[in-house]
Amino acid sequence: MSNRISLVTGAARGLGAVVARTFHEAGYKVALADIALEPAHALARELSADGSSACAIRLDVTRKEDFEAARDTVLERWGALDALINNAGASKVVSVMDITAEQFDQVINVNLRSVLFGCQVFGQYFAQRGMGRIVNIASLAGQNGGSATGAHYAAAKGGVLTLTKVFARDLAARGVTVNAISPGPLDLPIVHESVPADKLEKVIEGIPVGRLGAASYIADVAVMLASGDAYFANGACWDVNGGLYMR
Ligand SMILES: NC(=O)c1ccc[n+]([C@@H]2O[C@H](COP(=O)([O-])OP(=O)(O)OC[C@H]3O[C@@H](n4cnc5c(N)ncnc54)[C@H](O)[C@@H]3O)[C@@H](O)[C@H]2O)c1
């Protein structure tokens, strides 16, 4: 594993930080890409004080040129790239009837246009190379319409699942797989920050396994899907939701 290289978007905090750490522990060199450069730098330095196996890159996932620049930076630094984890995402809860055009576009851009650009830029590079892995972080909201996250976010995440299939089909013959992971509510800062404690208790009561999900397990699934052996897993959505949604 020691020569493998991954780039994780939204790696400065939350799930992305756990994913970046887990790939690093699995022996990958990791590029931590985020708009929040300082915390991404801090984590990269913690993982690799001399920068030999972790680095931070400023990347706004709504901008295709940022993905292209990040690809070039990683290639200059480490010479190759094996896996992209499209993790960055954001939402603000607004009732469906009140979502404005600006709010809709912003949430679609961060959660869905990001995946389009990531898959375009890195998918093309991986296809030219004849190998590569893309893992898109979707959400249970994209499958069941969501509850506390907003209709624009749920719609965007549904779109992530569809883009995953389209790119998976398009790139498969050239050694590139594309999969999605669809987590239910995770035990992460954003969940505790955005859901009041009494409401969170009710959310947890409603989860069949009776607990929030562990980000570390989502990260383990991403590492598994990024491995060379995972070539037969393609265009899939990996549900990790405590039994909240079964199909
Ligand atoms: N937390 C959960 O329970 C949960 C459940 C299902 C899916 N998810 C998904 O997991 C992913 C990570 O969520 P999280 O809980 O860690 O969120 P978070 O808000 O804690 O972290 C998101 C990270 O993305 C970065 N980011 C935001 N906009 C960006 C942009 N334009 N360009 C680059 N980076 C940007 C932020 O700076 C931050 O570091 C998201 O895609 C989210 O939809 C989370």
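The values are calculated or read from the model by the stated rules, or taken from the named source; none is laboratory data. What you see is a predicted model, and the numbers here were worked out from it, not measured in a lab. Note: areas computed on protein heavy atoms with side chains; ligands, DNA, RNA excluded. Shrake-Rupley method; radii C 1.70, N 1.55, O 1.52, S 1.80 Å.
Please work out how much length the chain gains when fully extended from Val166 to Asn3, using 0.36 nm per residue of separation minus the C-alpha to C-alpha distance, in nm with one decimal.
Net length gain for the segment: 55.8 nm.
Taking a 1.4 Å probe, which of Val18, Val176 shows the most accessible area, and what order do the others take after it?
Result of the area sort, largest leading: Val18, Val176.
Tell me what the chain gives for mean residue ellipticity at 222 nm when only DSSP H runs of n ≥ 4 count, each as -39,500 (n - 2.57), the sum divided by the residue total, rounded to 500 deg cm²/dmol.
-14000 deg cm²/dmol
Report ³J(HN,Hα) in whole Hz for each residue of the stretch 119-133, in order, from the Karplus equation J = 6.51 cos²θ - 1.76 cosθ + 1.60 where θ = phi - 60°; Gly and Pro get x.
Those phi angles translate into 5, 5, 5, 7, x, 5, 4, 4, 5, 5, 7, x, 6, x, 9 Hz.
What are the aspartates and glutamates whose alpha-carbon lies under 18 Å from the alpha-carbon of Lys202, with same-chain residues fewer than 8 places away excluded?
Result set, ordered by chain and number: Asp187, Glu193.
Considering only protein heavy atoms and a 1.4 Å probe, what is the carbon-and-sulfur percentage of the accessible area of the chain?
Here it works out to 54 percent.
Students sometimes get this wrong: rank Thr62, Thr100 by accessible area, probe 1.4 Å, all chains present, largest first.
Thr100, Thr62
Taking only C-alpha pairs under 8 Å that are 6+ residues apart, what is the relative contact order of the chain in percent?
After rounding, I find 18 percent.
Any idea what angle helix 14-25 forms with the longest principal axis of the chain, computed on alpha-carbon atoms, 0 to 90 degrees, nearest 10?
The helix 14-25 is inclined about 30 degrees to the chain.
Could you state the accessible area per residue of the stretch 1-64 in Å², with a 1.4 Å probe and every protein chain left in place?
With all protein chains present, the stretch 1-64 gives 40 Å² per residue.
From the protein chains alone at 1.4 Å, what is the descending order of accessible area for Trp238, Trp78, largest first?
Trp238, Trp78
Relative to the longest principal Cα axis of the chain, at what angle does helix 37-47 sit, 0 to 90 degrees, rounded to 10?
For helix 37-47, the angle is close to 60 degrees.
Using Cα-only point scatterers and the Debye equation, what is log10 of I(q)/I(0) for the stretch 1-149 at each q in 0.09, 0.11, 0.15 Å⁻¹, rounded to two decimals?
So the normalised log intensities work out to -0.28, -0.42, -0.74.
Mind listing the phi-derived Karplus ³J(HN,Hα) values for the stretch 140-152, rounded to whole Hz, using 6.51, -1.76 and 1.60 with θ = phi - 60°, and x for any glycine or proline?
3, 4, x, 9, 10, x, x, 10, 9, 10, x, 5, 5
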